[in-house]
Protein chains: 2
Amino acid sequence: MGKAKEQMALKVPKGTKDWAGRDMVLRNHIFATITRVFQRFGGVTLDTPTFELKEILTGKYGEDSKLIYDLADQGGELCALRYDLTVPFARWLAMNPAVSSIKRYQLAKVFRRDQPAMTKGRMREFYQCDFDIAGTFDPMLPDADIFKIITQVFDALGWNGRYTIKTNHRKILDGIFQVCGVPQDKLRTISSAVDKLDKSLWSEVKREMTEDKGLDAEIADRIGQYVTLKGQPLDLLQKLQADAQLSGNESAKAGLEDMSLLFRYLDIYSVLDKVSFDMSLARGLDYYTGVIYEVVTEGSAPQTSQGQAIQHRAKKESRKADDEDGSNDPNIGVGSIAAGGRYDELVKMFAPRSNMPCVGISFGIERIFSIIKSRDQESSTSRSNDVDVYVMALGGKDFDGGLKERMEVASRLRNAGINAEFMFKVKPKLLQQFKAAEQNNVPFALILGEDELKNGQCKIKELGLPEGHPEKDGVVVPLTDMEKEVKKRIDAANDLSNGVQKLTV
Amino acid sequence: MGKAKEQMALKVPKGTKDWAGRDMVLRNHIFATITRVFQRFGGVTLDTPTFELKEILTGKYGEDSKLIYDLADQGGELCALRYDLTVPFARWLAMNPAVSSIKRYQLAKVFRRDQPAMTKGRMREFYQCDFDIAGTFDPMLPDADIFKIITQVFDALGWNGRYTIKTNHRKILDGIFQVCGVPQDKLRTISSAVDKLDKSLWSEVKREMTEDKGLDAEIADRIGQYVTLKGQPLDLLQKLQADAQLSGNESAKAGLEDMSLLFRYLDIYSVLDKVSFDMSLARGLDYYTGVIYEVVTEGSAPQTSQGQAIQHRAKKESRKADDEDGSNDPNIGVGSIAAGGRYDELVKMFAPRSNMPCVGISFGIERIFSIIKSRDQESSTSRSNDVDVYVMALGGKDFDGGLKERMEVASRLRNAGINAEFMFKVKPKLLQQFKAAEQNNVPFALILGEDELKNGQCKIKELGLPEGHPEKDGVVVPLTDMEKEVKKRIDAANDLSNGVQKLTV
């Protein structure tokens, strides 16, 4: 914080934060990992304006609309900051009817005037990373790709075996409610009660259904028989298909057929073992029309052995928790870390005669960030910049500091595409230079010694090598080969620390 | 545009646009190029909130403050969208006094409620790419790095020899005004008149100085002797140093000493030939305190042989033209494509007792984009996604479409980090599949033929090879080696089209 006497409040707006240093490096690595996977699946990126016409956002978010940030009326159009990336995408599709299909991704900030909870990391400005497939295709093929994307992202993050994709289908849920006898006008409100099953016991959800929402206790009990079911996809699918009442319902039948096809494709993709078919998953947003899914990880939603979720936080918070980050306590549940589903009717809200079925996934970066950070907190190899070589000089007491030589060598390294730095000081001390390199964990020093320079040589020293290592004291190489020799060592060091390692630097 | 009958206006807010397709690919390549250079110089990135407290921005932009976007007062703090990245950076430095020095870069959108001119590409939402060095160092060393960054960026963009860095020094300008006899209270207004010399003749600037601003004609004439000077840095420097009156002025002397040191460093960096020492450069912003610079390219500010600039557009427009893009007419001047300077006093506005000298550069992405786009308009190799391989199948009339095999192969390719796609259709026709690949200029097809599959083989076909090429009809490889064989060919193709080529895909 700035000195106390300034008249001006030196702070960022409530619910926002500056990202800098190692946090920023880590977050950028997460972005890069996700982007690589998105591109691997043919994704193209789209960039929509940070604010939209107010009326584009109106009527899309239900009661959460009060959380939308409006721009001041300074004359002209009324605008508001975007609340998510899905509605702008649907608006873009409606405006571009020539686009018959697209796989689009977008990593961008969204804004929600929520009550911030900084200790829990609930933010008013936060990132969403979305991949969506729009267009008419053979059934469940794009949906299967979304599941494969989810697994490739978390595998690339090194989370193999540490996450579960919970999935369900809106049509199956609707079918269940119908066969259980829920009146048509209570479908949505009962669905949102079911959605609380991941944190509340059935008895509490039943109480809400009957006491708060006026459902017959008998109907509620019938629902309870279904929505507490979860398990291995093919097993539960078989069980539901064998249920004559359910498979006699048109909506449930259509949903079960979708899931049967989906699970077949996920088997081909070798990702079925990451999936839990979970009848309690309902998802909050109204616009989903087909398969829905939510990714949970260790600590984000632990389950009891009865298949009931332990209450970690109110679902209400959890739903708003897209904007969370920063908690370093791995025991705090952070809600789902990615979620999405099929929404075949949203584009129609902008262009009623269009037919543009969509399916997509949104990764919650702040949550993923906070989990990785808490897991890798002790990592001592963290670098805060990407400098590979620190160019330094040393010599006797009449030595001029070698500034010209340091500049020339840094320039040659940079021309060769190598990230290099030197001290902005005409005559720096050797110790200062080593300290500066160590501060950022720069892996290599290129030392221009007065004596070596006379022989047209320099020394490359990998910093932090253990005692006894053959190159502990550095290697003398000809100045002419310097770029090649440095590159060779950087590449070798990178090969050693590839994959997960790279991500957790 | 959407169908006419919708009640809702299907559009983006005035002065904003959606970025998609090839434009987006090109813009991302520019971002990536600039980021790589920034990192090569030890830059670390900072992400500040999209909006700031209103009072943080107040009093920083002079009369342009009226262009700031305010957020609506929905209770709580009054906020406004950021107008540039420099003031938020200075605010961050003031809030983080423990940071004694930093090289920071930021690529982010800024917002100006300017009168948009879409045909000229003047936008209300646009990107700035800034690199700044904050901290106390030996003189002119960080400044020299900024110049080197400029040349590395434009060289990496393939603009070698097509750009000029115009430079000047605020203290020299102040010295000139002093020795010419400009009254102290007229310094800034005379300076902004001088700034118009890149598009107006001296006679017009003189008229403004004398008639509009009440300067003695004699003083104006004396100024004219100086500010129309420009040329090779060392030549002009020598000439100015030989001017007894000027080098007798304290301010000018300090500025000339800075420039002398700077040019020495730029010589070591081999970039002096890109620089024009130009006494007419004054820069609009008040906060510059030392060296200033502006990058121009072909068509952005052509000069007459008299060293006077041809009038392409009013300077007033040009100064606001940070937000320009999209013009495909290479003859339309787009103003400077990058600009910056030293501002040693800005952080003090937030933390009066801090001493945090800064120097920086801001690249105008929309302008650079529009110039590259107009130059490479005819490039036929444009790809709109990054897919390297399109996986397709073919067989006889009883062939099942090979969906399972396509999914398995695509999955294996993606697991190997290769960008792959296949058609979301159970039984696609071969021609459809080739068409889909061609639409996005996907370079390779991996063809799963019924016959080859039986032998455990597949065919890799580079698309668009000329007749007579030995691999024109594709190469049959064992399925087990598929990833390796594909990767080999992608790498070879990338090697062929590296550097500039890659950028102009």
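The values are calculated or read from the model by the stated rules, or taken from the named source; none is laboratory data. The structure presented is a predicted model; accordingly, all values stated were derived computationally and were not measured. Neighbour counts run over all protein chains shown; Cβ positions are idealised from the backbone, glycine included. Areas reflect the complete protein model, heavy atoms only, side chains present, ligands, DNA and RNA absent. Shrake-Rupley method; radii C 1.70, N 1.55, O 1.52, S 1.80 Å.
Filter the range A:177-201 for residues that are touching a residue at least 12 places away in the same chain (Cβ under 8 Å), assigned to a helix (DSSP H, G or I) and open to solvent by 40 Å² or more (accessible area, probe 1.4 Å) and give the result. Quick ask: steps written out before the conclusion?
To start, the set of residues in the range A:177-201 that are touching a residue at least 12 places away in the same chain (Cβ under 8 Å) comprises A:177-182, A:186-201.
If we keep only those that are assigned to a helix (DSSP H, G or I) as well, we get A:177-180, A:186-198.
Hits for the range A:177-201 are A:Gln178, A:Lys186, A:Arg188, A:Thr189, A:Ser192, A:Lys196.
Taken over the range B:144-176, the criterion of being in a helix (DSSP H, G or I) and free of Cβ contacts under 8 Å to residues at least 60 places away in the same chain is satisfied by B:Asp155 alone. Taken over the range B:47-87, residues that are more than 8 Å from chain A (Cβ to nearest Cβ) and polar (S, T, N, Q) amount to 3. Each residue in the range B:122-152 was checked for being farther than 16 Å from B:Phe38 by Cα and more than 12 Å from chain A (Cβ to nearest Cβ), and 1 pass.
Can you go through B:Asp64, B:Asp84, B:Asp114 and tell me which one is more than 18 Å from the chain's Cα centre (by Cα) and not in a helix (DSSP H, G or I)?
The conditions single out B:Asp114.
Note on the range A:9-32: residues that are touching a helix residue (DSSP H, G or I) at 6+ places or on another chain (Cβ under 6 Å) and at the interface with chain B (Cβ under 7 Å from one of its Cβ atoms) amount to 2.
Consider the range B:272-296 and keep the residues that are among the charged types (D, E, K, R) and in a loop (DSSP other than H, G, I, E, B). The one that is least open to solvent (accessible area, probe 1.4 Å) is B:Arg283.
Residues of the range A:258-292 being acidic (Asp, Glu) and farther than 15 Å from A:Gly175 by Cβ, which ones? Steps first, answer last, please.
So in the range A:258-292, the residues acidic (Asp, Glu) come out as A:258, A:267, A:273, A:278, A:286.
Residues satisfying the conditions are A:Asp267, A:Asp273, A:Asp278, A:Asp286.
Checking B:Ala90, B:Ala94 one by one, the residue that is farther than 30 Å from B:Asp235 by Cα, buried (at least 24 other Cβ atoms within 10 Å of the Cβ) and more than 10 Å from every other protein chain (Cβ to nearest Cβ) is B:Ala90 and no other. Within the range A:202-232, the set of residues being open to solvent by 30 Å² or more (accessible area, probe 1.4 Å) and aliphatic (A, V, I, L, M) comprises A:Ala217, A:Leu229. Residues of the range A:87-111 that are among the aromatic types (Phe, Trp, Tyr) and not in a strand (DSSP E or B): A:Phe89, A:Trp92. One residue stands out among those in the range A:380-433 that are crowded, with 17+ Cβ neighbours inside 10 Å and at positive phi: the one that is nearest to the other protein chains (Cβ to nearest Cβ), which is A:Gly401. Picking from residues in the range B:434-463 that are without any contact (Cβ under 8 Å) to a residue 24 or more places away in the chain and surrounded by 14 or more Cβ atoms within 10 Å (Cβ to Cβ), the one that is nearest to the chain's Cα centre (by Cα) is B:Lys461. Among the residues of the range A:33-42, those that are open to solvent by less than 10 Å² (accessible area, probe 1.4 Å) and either at the interface with another protein chain (Cβ under 7 Å from one of its Cβ atoms) or aromatic (Phe, Trp, Tyr) (or both) comprise A:Phe38, A:Phe41, A:Gly42.
When you look at B:Asp267, is it within 30 Å of B:Arg375 (Cα to Cα), at pLDDT 95 or above and either assigned to a loop (DSSP other than H, G, I, E, B) or open to solvent by 40 Å² or more (accessible area, probe 1.4 Å) (or both), yes or no? Quick ask: steps written out before the conclusion?
On the way: within 30 Å of B:Arg375 (Cα to Cα): no; at pLDDT 95 or above: yes; either assigned to a loop (DSSP other than H, G, I, E, B) or open to solvent by 40 Å² or more (accessible area, probe 1.4 Å) (or both): yes.
It is false that B:Asp267 is within 30 Å of B:Arg375 (Cα to Cα), at pLDDT 95 or above and either assigned to a loop (DSSP other than H, G, I, E, B) or open to solvent by 40 Å² or more (accessible area, probe 1.4 Å) (or both).
Taking the range A:31-51 as the range and being touching a Phe, Trp or Tyr at 6+ places or on another chain (Cβ under 9 Å), under 27 Å from A:Ser101 (Cβ atoms) and outside any loop (DSSP other than H, G, I, E, B) as the test, the residues that pass are A:Phe31, A:Ile34, A:Thr35, A:Val37, A:Phe38, A:Gln39, A:Val44, A:Thr45, A:Asp47. Residue-level analysis places B:Ile102 among those that are closer than 16 Å to B:Val359 by Cα, facing chain A (nearest Cβ under 9 Å) and open to solvent by 20 Å² or more (accessible area, probe 1.4 Å). Picking from residues in the range A:347-366 that are of a type in the set (Val, Ile, Thr) and either over 26 Å from A:Val37 (Cα atoms) or part of a helix (DSSP H, G or I) (or both), the one that is nearest to the other protein chains (Cβ to nearest Cβ) is A:Val347.
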